[in-house]
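Visitor: This is the structure, below, for whatever I ask next.
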Amino acid sequence: MKKSLLLAFILVCCNLYSQDKMLSEDKLLHFSVSTAMSFSGHYLMTRQDLIGRAPRQVLVISGSFITGCMKEKRDGRSGGSGVSAKDLLADAAGILAGTAIFLILKPEEKVF
């Protein structure tokens, strides 16, 4: 996770003078979707209880970040806004928020 945050930080520093505004609806969508993916991934993996807590967290966080990277790569290819370090930063912040919310709520009791 530290490597992902470092990568996001480096990308933001390289893209400081971009026309891409940090506070925009697009960044809010990146943050919201990443938060939801991270939280629901943790929740579903906890319900399955197939692997330990640490590998589960790595899998969910990595999967959420890779999904964000793939979306950015697709934006670059499809003639969209292109790859944006600020979008990746919003993704990383959303992943951290979803993980933090999950850890605070700790919904680990089995329901069914």
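None of the figures in this text is laboratory data; all of them are computed from the coordinates on show. Every value quoted in this text rests on a predicted model; they were computed, and no experiment measured them. All Cβ positions, even for glycine, are placed from backbone atoms using ideal geometry, and neighbour counts span all protein chains on display.
Visitor: Per the Kirkwood formula on distinct C-alpha pairs, the Rh of the stretch 32-105 is how many angstrom?
Guide: 12.7 Å
Visitor: Using the count of nearby Cβ atoms within 10 Å as a rough guide to exposure, how do S84, S32 rank from fewest to most?
Guide: In order of increasing Cβ crowding within 10 Å: S32, S84.
Visitor: Rank these for me by crowding, I95, I104, I61, going from fewest to most other beta carbons within 10 Å.
Guide: Least to most surrounded, the residues fall as I104, I61, I95.
Visitor: Same structure again: Just to confirm a number: summing +1 for Lys and Arg and -1 for Asp and Glu over residues other than M37 whose beta-carbon lies under 13 angstrom from that of M37, what do you get? If you can, show how the numbers build up before the last one.
Guide: Numbers: positive: K71; negative: D91.
Here the count lands on 0.
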